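Encoded as structure tokens, the structure appears first; notes follow it.
The values are calculated or read from the model by the stated rules, or taken from the named source; none is laboratory data. These figures come from a predicted structure and were not determined experimentally. Here the Cβ is made from the backbone with ideal geometry for all residues, glycine too, and neighbour counts use every protein chain on show.
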Amino acid sequence: MKLTIQTDYALRTLMFLATRSSRAKVGDIAQLFGISVHHVAKVVNLLAREGYIHTTRGVGGGIELAKQPKEIVVGEVIATMEADMHLLSCVGDDDSCVIHAFCKLKGVLAEAERVQREYLDSITLADVVPTRRQLDRVKSPRT
């Protein structure tokens, strides 16, 4: 499985927020990672809708985690952000392949997906978040 850019940005946003004790700005995240503010804002809206972050508008506003990092499961975030996590379409509901009815590869790939999901569901944001110091030393790719 290859994750979409949207999922990548969502995970980076959560990791960034996990290093902050106060609200952050979308622009801070965009600048650090060298990505557009528009893309971060879109991801922030999705994360807020799913309950991973809180957003506050106005002066003194910003974004912050809605849960503790140890309560945010990486596998759940990925499943929320990804429309299709199958290695091949036939592993899902697609039976358009002519050998679908007797193909053994489908079962192998389904098991690989299960193992992958099980592993990702055992990892929390707390397990992967860098330290604030590490992030503060990063130089944006755009500078």
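Miscellaneous remarks
- Scan of the stretch 53-66 for residues that are surrounded by fewer than 14 Cβ atoms within 10 Å (Cβ to Cβ) and either under 16 Å from the mean Cα position of the chain (by Cα) or part of a loop (DSSP other than H, G, I, E, B) (or both), ordered by number: ARG57, GLY58, VAL59, GLY60, GLY61
- In the stretch 87-129, the qualifying residues are those that are assigned to a helix (DSSP H, G or I) and touching a Lys or Arg at 6+ places or on another chain (Cβ under 7 Å), and the one that is farthest from GLN68 (Cα to Cα) is CYS90.
- Within the stretch 132-143, restricting attention to residues that are in a loop (DSSP other than H, G, I, E, B) and surrounded by 10 or more Cβ atoms within 10 Å (Cβ to Cβ), the residue that is modelled with the highest pLDDT is VAL138.
- Residues that are touching a strand residue (DSSP E or B) at 6+ places or on another chain (Cβ under 9 Å) and either part of a helix (DSSP H, G or I) or over 24 Å from GLU82 (Cα atoms) (or both) within the stretch 31-52 comprise VAL44, ASN45, LEU47, ALA48, listed in sequence order.
- The residue pairs whose first member lies in the stretch 57-71 and is of a type in the set (A, V, I, L, M), whose second member is part of a strand (DSSP E or B) and surrounded by fewer than 12 Cβ atoms within 10 Å (Cβ to Cβ), and whose beta carbons are closer than 9 Å, counting only pairs six or more residues apart or on different chains, are ILE63/THR56.
- Top-ranked residue in the stretch 86-143 [being free of Cβ contacts under 8 Å to residues at least 12 places away in the same chain and of a type in the set (Lys, Arg); ranked as farthest from ASP8 (Cα to Cα)]: LYS104
- Selection over the stretch 63-102 of residues that are in contact with a helix residue (DSSP H, G or I) (Cβ under 7 Å, 6 or more places away or on another chain) and either among the β-branched types (Val, Ile, Thr) or farther than 25 Å from ILE5 by Cα (or both) gives a count of 8.
- Options ASP28, ASP84; residue that is charged (D, E, K, R), out of contact with any Ser or Thr (no Cβ under 9 Å at 6 or more places or on another chain), more than 23 Å from LEU135 (Cα to Cα) and outside any strand (DSSP E or B): ASP84
- Of all the residues in the stretch 109-131, those that are more than 19 Å from the chain's Cα centre (by Cα) and surrounded by 12 or more Cβ atoms within 10 Å (Cβ to Cβ) number 3.
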